[in-house]
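The values are calculated or read from the model by the stated rules, or taken from the named source; none is laboratory data. Keep in mind that what you see is a predicted model, and the values were worked out from it rather than measured. Cβ atoms come from the backbone with ideal geometry, glycine included; neighbour counts cover every protein chain shown.
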Amino acid sequence: MWPLIKILPVKTNFRFVSFAKLAAVISAIAVVISLGLTLYPFEPPCGGLACGIDFKGGTLIELSTEPKAVDLAVVRKTLAAQDLGDVQVQAFGAPTSALVRFQTPEGTSPAEAVGGVKAALKAALGDVTFAKTDVVGPKVSGELFTSGMLALGFAIGLMLLYIWFRFELQFGVGAVVGLFHDVILTFGVIAGFKLEFSLTTIAAILTIIGYSMNDTVVVFDRLRENLRKYKRMPLGEVIDLSINETLSRTVITGLTAVLALAGLAIFGGPTLFAFSIIMIFGIIVGTYSSIYVCAPVILLWGVRRDDEAPEPIKPAAMRS
């Protein structure tokens with residue numbers, strides 16, 4: 001056996017509920033700060049977020065270097081020297097094709113910006129053809145931003161209905177409070193570290209919502225089982241017991257995902273760096289919220305403990 005496995009305790013007995021008030025204060029302060037970073041300076045469409053081309057508008061160019069494969073590193077280096085602000089370069093279809101997105105610099109017309117970019121790319125790549133050039137206006141970008149926010153709200157609403165159907169209303173409210181906590185803090189990290197906010201970022205946040213909900217369901221499921229077993233045990237002790245019983249599974253699952261994302265952040269290049277960092281933070285804060293946000297809501301609200309009889313324990317002879 002690997003010696004380090006022995007470091008992990010087989011059974012833990014942490015008193016999570018005793019720190020619930022302190023955790024609530026810390027979470028409330030973090031949420032307020034995150035909201036301030038996200039909304040200030042209250043300018044549409046993104047406020048304090050560093051919106052990418054998807055939400056601010058820009059220019060898209062499709063290029064081809066057929067018959068040879070396009071060198072994406074050279075394309076990125078060439079565009080970075082043009083002072084175009086946010087730039088996105090990605091492979092498109094065949095290895096000989098690529099898509100380039102960039103913002104039009106202030107004081108420059110789209111036609112001038114496109115002409116300068118094409119001239120620079122021709123000088124860097126040699127024989128290159130441009131198949132398509134499109135300009136994405138602020139109206140379309142605003143619609144994308146609105147659709148992205150609606151997607152987040154719709155996902156949280158569905159999670160509330162699912163937990164309500166599977167458990168009880170207070171469980172659903174606790175789960176949704178935890179999801180709002182996770183999403184707001186993630187937005188705060190995006191705004192605070194000036195990470196690019198794009199459709200890819202929204203995809204990362206939706207993934208965080210799913211991961212956080214999965215972790216919460218595991219804790220709630222064990223809590224429901226223990227509520228049936230220990231009807232005389234105080235609710236706070238039942239919550240502590242349930243969290244401790246699922247803690248090793250939660251930590252190992254989260255650590256595995258964080259290690260994979262750390263590799264993606266280090267070796268995935270600038271395109272995937274922001275996505276990886278957001279996911280890492282979301283997994284960590286999602287694990288925290290399952291313990292110190294969702295479960296304490298159950299403690300404050302209370303649960304009905306007389307609706308189901310405890311399951312009788314059968315003797316071994318009867319089981320066989």
Screening Thr216, Thr207, Thr250, Thr246 for residues that are crowded, with 22+ Cβ neighbours inside 10 Å and hydroxyl-bearing (Ser, Thr, Tyr) leaves only Thr216
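Being farther than 12 Å from Ile278 by Cα and of a type in the set (Ser, Thr, Tyr): is that true of Thr216 here?
So Thr216 passes the test.
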If we keep only residues of segment 78-92 that are more than 20 Å from Leu195 (Cα to Cα) and out of contact with any strand residue (DSSP E or B) (no Cβ under 9 Å at 6 or more places or on another chain), then the residue modelled with the lowest pLDDT is Ala81
Checked Val75, Val25, Val70, Val31 against criteria (in the same structural domain as Leu199 (by TED's automatic domain parsing) and either more than 21 Å from the chain's Cα centre (by Cα) or farther than 30 Å from Phe180 by Cα (or both)); the one match is Val25
Test result for Phe130, among the aromatic types (Phe, Trp, Tyr) and either without any contact (Cβ under 8 Å) to a residue 40 or more places away in the chain or over 18 Å from Thr201 (Cα atoms) (or both)
yes
Reported set for segment 37-55 where residues are touching a residue at least 24 places away in the same chain (Cβ under 8 Å) and of a type in the set (A, V, I, L, M, F, W, C) is Leu37, Cys46, Leu49, Ala50, Cys51, Ile53, Phe55
Being under 19 Å from the mean Cα position of the chain (by Cα), outside the structural domain of Asp86 (by TED's automatic domain parsing) and surrounded by fewer than 18 Cβ atoms within 10 Å (Cβ to Cβ) narrows Ala274, Ala262 down to just Ala262
Per the filter on segment 246-269, residues in contact (Cβ under 8 Å) with a residue 12 or more places away in the chain and closer than 27 Å to Lys77 by Cβ are Leu261, Ala262, Leu264, Ala265
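When the residues of segment 102-128 are narrowed to those that are crowded, with 17+ Cβ neighbours inside 10 Å, in contact with a Leu (Cβ under 9 Å, 6 or more places away or on another chain) and at pLDDT 85 or above, which ends up nearest to Gly268 (Cα to Cα)?
In this case the residue turns out to be Phe102.
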Met213 fails exactly one of (1) among the hydrophobic types (A, V, I, L, M, F, W, C); (2) touching a residue at least 40 places away in the same chain (Cβ under 8 Å); (3) assigned to a loop (DSSP other than H, G, I, E, B), namely (3)
